[in-house]
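**Q** Can you read through this structure? Questions will come right after.
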């Protein structure tokens, strides 16, 4: 078993021991009602966590390939947000775009995944070619085709526009400073070059005129 699987197994052992400790405390007939209520809530959370750890351990032990590559940026309701990372059969979903904790799960078979969202519940996802996940709560995620923003700092407007369009992105621009007869060049861009964004995203550049060169007296 891989070292990573050993770590997950140790995490599961710790969680099971914690659960048993809570169960032992709940067996105390003299436990105050308020403390009993708190322990029951904690027990529920730990049970949820144990289920997620078991999924990760099973995924670590059994490698299953999905029908398409899950890694990448996904859109929920047409808005980019979740980022899926899959390694072997284990899946991690970065939900930080929604200010939510990361979710974990596994590839069950080539067309099925199971993900536990710690602030919600566990959902099954059906993989639909070429790039969709149909969740058991009837929501759908679509994998986005992404592009790398080109570095256009210092380019002239025509070159910058051409490079941005060739990357599958949409260029927009503003001119900063007073107009003059000198050539324009890119002094800043948003997003920065090298950033990964969905195809069709806007890349905005700010243009300024080259300084006027004075003839020597």
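The values are calculated or read from the model by the stated rules, or taken from the named source; none is laboratory data. What you see is a predicted model, and the numbers here were worked out from it, not measured in a lab. So basically every Cβ, Gly included, is an ideal-geometry build from the backbone, and we count neighbours across all protein chains shown.
**Q** Residues to consider are 152, 146, 186; find the one that is in contact (Cβ under 8 Å) with a residue 24 or more places away in the chain and under 18 Å from the mean Cα position of the chain (by Cα). If you could, list the steps in order and put the result at the bottom.
**A** Details: 152 fails: under 18 Å from the mean Cα position of the chain (by Cα); 186 fails: under 18 Å from the mean Cα position of the chain (by Cα).
Of 152, 146, 186, the one residue that is in contact (Cβ under 8 Å) with a residue 24 or more places away in the chain and under 18 Å from the mean Cα position of the chain (by Cα) is 146.
Condition check ((1) surrounded by 12 or more Cβ atoms within 10 Å (Cβ to Cβ); (2) assigned by TED's automatic domain parsing to the domain that holds residue 17) across all residues:
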position: 29; (1), (2): no, yes
position: 35; (1), (2): yes, yes
position: 39; (1), (2): yes, yes
position: 48; (1), (2): yes, yes
position: 54; (1), (2): yes, yes
position: 66; (1), (2): yes, no
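**Q** Additional query: Out of the stretch 51-69, which residues are in contact with a helix residue (DSSP H, G or I) (Cβ under 7 Å, 6 or more places away or on another chain) and without any contact (Cβ under 8 Å) to a residue 60 or more places away in the chain? Spell out how you get there, then give the answer.
**A** Quick first cut of the stretch 51-69, residues in contact with a helix residue (DSSP H, G or I) (Cβ under 7 Å, 6 or more places away or on another chain) only: 53-54, 56-57, 60-61.
Of everything in the stretch 51-69, those that are in contact with a helix residue (DSSP H, G or I) (Cβ under 7 Å, 6 or more places away or on another chain) and without any contact (Cβ under 8 Å) to a residue 60 or more places away in the chain turn out to be 53, 54, 56, 57, 60.
**Q** Further, regarding this structure: Looking at the stretch 27-50, is at least one residue part of a helix (DSSP H, G or I), in contact with a helix residue (DSSP H, G or I) (Cβ under 9 Å, 6 or more places away or on another chain) and touching a residue at least 40 places away in the same chain (Cβ under 8 Å)? Give the steps one after another, and end with the answer.
**A** So the first thing to find is which residues in the stretch 27-50 are part of a helix (DSSP H, G or I), and the list is 33-50.
Okay, now just the ones that are also in contact with a helix residue (DSSP H, G or I) (Cβ under 9 Å, 6 or more places away or on another chain), so 35-36, 39-40, 42-43, 46-47, 49-50.
From what's left, touching a residue at least 40 places away in the same chain (Cβ under 8 Å): 49.
Looking for residues that are part of a helix (DSSP H, G or I), in contact with a helix residue (DSSP H, G or I) (Cβ under 9 Å, 6 or more places away or on another chain) and touching a residue at least 40 places away in the same chain (Cβ under 8 Å), one finds at least one in the stretch 27-50, hence yes.
**Q** Here is a further query. Which residue out of 172, 92 is in contact (Cβ under 8 Å) with a residue 12 or more places away in the chain, more than 26 Å from the chain's Cα centre (by Cα) and within 20 Å of residue 197 (Cα to Cα)? Outline the logic, then answer.
**A** Values: 92 fails: more than 26 Å from the chain's Cα centre (by Cα).
Testing whether each residue is in contact (Cβ under 8 Å) with a residue 12 or more places away in the chain, more than 26 Å from the chain's Cα centre (by Cα) and within 20 Å of residue 197 (Cα to Cα) leaves just 172.
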